[in-house]
Amino acid sequence: MTGTKVVMIDGSAPTTKDYFYRNLCRIIPFDQLTFLGGNGWHDKISKTTVVNKKAFEADLLQADNIESIGKSDVE
């Protein structure tokens, strides 16, 4: 709906435990105000971030293409 998704800071997909921890951190008082400086505390503590889905997937595809340069399909 918003065109965004949550990923770990290393780009991997979060586990159920990561989502639970991220949402648990939201009960920290004043967490909503921490967005004034960038990511909220719930993202920093849980080591997650919110990314633009299309841009993230395009970056992954580009990195995949770079990794495949010089590799041969024939053995």
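The table for this structure:
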item: Selection count, segment 39-61, where residues are in contact with a helix residue (DSSP H, G or I) (Cβ under 6 Å, 6 or more places away or on another chain) and either within 14 Å of Pro14 (Cα to Cα) or in a helix (DSSP H, G or I) (or both); result: 6
item: In segment 1-23, the residues that are aliphatic (A, V, I, L, M) and either at pLDDT below 90 or touching a Gly at 6+ places or on another chain (Cβ under 6 Å) (or both); result: Met1
item: Subset of segment 22-50 (residues that are within 24 Å of Leu60 (Cβ to Cβ) and hydroxyl-bearing (Ser, Thr, Tyr)); result: Ser46, Thr48, Thr49
item: Residue count for segment 5-38, restricted to those that are more than 22 Å from Asp64 (Cβ to Cβ) and either touching a helix residue (DSSP H, G or I) at 6+ places or on another chain (Cβ under 6 Å) or surrounded by 14 or more Cβ atoms within 10 Å (Cβ to Cβ) (or both); result: 8
item: Residue match in segment 39-54 (condition: exposed (fewer than 12 other Cβ atoms within 10 Å of the Cβ) and at pLDDT below 85); result: no
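The values are calculated or read from the model by the stated rules, or taken from the named source; none is laboratory data. Quick caveat: nothing in here was measured; it's all calculated off a predicted structure. Glycine also receives a Cβ, built like all others from the backbone with ideal geometry; neighbour counts cover every protein chain displayed.
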